[in-house]
Amino acid sequence: QVQLVESGGGLVQAGGSLRLSCAASGMIFSNNGMTWYRQARGKQRELVGVITGTGRIGYADSVKGRFTISRDNAKNTVYLQMNSLKPEDTAVYYCQAIFRLREYWGQGTQVTVSS
């Protein structure tokens, strides 16, 4: 059974940094693309960025230049390094994977950026 577990969220001041982790199990991680999403209160879930199984990376315009996605296949973990955080980055952050045609989500981790 595929499980995704996010961690690393918290409260940070504007301009600060956080690193989120998403640990995966029950899937062939190294071949799999992983995606970060976020959902602010009262808003729709939005894509933050994606890293493919071959290491190609893409970001939403709103985070480009501030956020960095990476992966450690030996640890079955994908990371989201968030720098220069803004209050508008406040949201629950989720990782997502599609494995064998099924979609899997983690439970989410709260990121709160104070002004």
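Please report the carbon-and-sulfur percent of the accessible area for the chain; probe 1.4 Å, protein heavy atoms only, DNA, RNA and ligands left out.
Answer for the chain is 46 percent, counting heavy atoms of protein chains only.
Amide H to amide H, which residues 5 or more places from THR90 or on other chains are under 5 Å from it, using H placed in the peptide plane?
Close amide H contacts, sequence-distant or interchain: VAL113.
Through the Karplus equation 6.51 cos²θ - 1.76 cosθ + 1.60, θ set to phi - 60°, convert the phi angles of segment 25-38 into ³J(HN,Hα) values in whole Hz; use x for Gly and Pro.
After applying 6.51 cos²θ - 1.76 cosθ + 1.60, I find 9, x, 9, 7, 5, 5, 8, 9, x, 10, 10, 9, 10, 9 Hz.
Quick one: compute the contact order of the chain, relative version, from alpha carbon pairs under 8 angstrom and 6+ residues apart, as a percent.
36
One-quarter of the Cα convex hull surface for the chain, in nm²?
Reported value for the Cα convex hull: 6.7 nm².
Which length gain, in nm to one decimal place, applies between GLN44 and ALA14 when the Cα-Cα distance is subtracted from 0.36 nm times their residue separation?
8.5 nm
Based on the mean of other Cβ atoms within 10 Å per residue, sort peptides 45-56, 67-78 so the most packed one is first.
Ranking, from highest mean packing down: 67-78, 45-56.
Go through segment 69-77 residue by residue and turn each phi into a ³J(HN,Hα) via Karplus (6.51, -1.76, 1.60, θ = phi - 60°); whole Hz please, and just put x for glycine and proline.
Those phi angles translate into 9, 8, 9, 10, 5, 5, 9, 6, 9 Hz.
Between LYS75 and TRP105, 0.36 nm times their residue separation minus their Cα-Cα distance comes to what?
9.0 nm
The values are calculated or read from the model by the stated rules, or taken from the named source; none is laboratory data. Note that the coordinates shown come from a computational prediction; the quantities given were computed from them, not determined experimentally. All Cβ positions, glycine included, derive from the backbone under ideal geometry; neighbour counts span all protein chains shown. For accessibility, only protein heavy atoms count, side chains too; no ligands or nucleic acids. Shrake-Rupley method; radii C 1.70, N 1.55, O 1.52, S 1.80 Å.
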